[in-house]
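Engineer: I am attaching a structure below and will ask some questions about it afterwards.
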Amino acid sequence: MPRTDRSSDKGSALDNGLARTPPMGWMSWTAFKCEMNCTAYPNACINEQLYQQMADRLGESM
C-alpha cells in the first residue's frame, strides 16, 4: 500500500551545501568583514555610528 501521509517529510532539496531558503535579515558583518578595530579602521568599523548611518540611508530611500 503506498504511503499517503507526507506530513513528516522534510522536503526535497539538492545536497549541494546551500540552504533550502536564503538567509533572511541584514548581514552587516559580511558587508563590513567583521572589522572591530575602530581605531585603525574608523570608516569600516562595526559600531553604533555605522548602524545609524545605515538606518538613515534606509529611511531616505522609503
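The values are calculated or read from the model by the stated rules, or taken from the named source; none is laboratory data. Bear in mind the structure is a predicted one, so any value in this text is a computation, not a measurement. Cβ coordinates were reconstructed from backbone atoms using ideal geometry, including for glycine residues, and neighbour counts include every protein chain displayed.
Engineer: Between a residue in region 43-62 that is more than 17 Å from residue 25 (Cα to Cα) and any residue that is among the basic types (Lys, Arg) and loosely packed, with under 12 Cβ neighbours inside 10 Å, which pairs come within a Cβ distance under 8 Å, given they are 6 or more apart or on different chains?
Structural biologist: Hits for this filter: 44/33.
Engineer: Take residue 41 and decide whether it is at pLDDT 75 or above, surrounded by 10 or more Cβ atoms within 10 Å (Cβ to Cβ) and part of a loop (DSSP other than H, G, I, E, B). Walk me through it before giving the result.
Structural biologist: On the way: at pLDDT 75 or above: yes; surrounded by 10 or more Cβ atoms within 10 Å (Cβ to Cβ): yes; part of a loop (DSSP other than H, G, I, E, B): yes.
Yes; evaluated as a whole, the condition is true for this residue.
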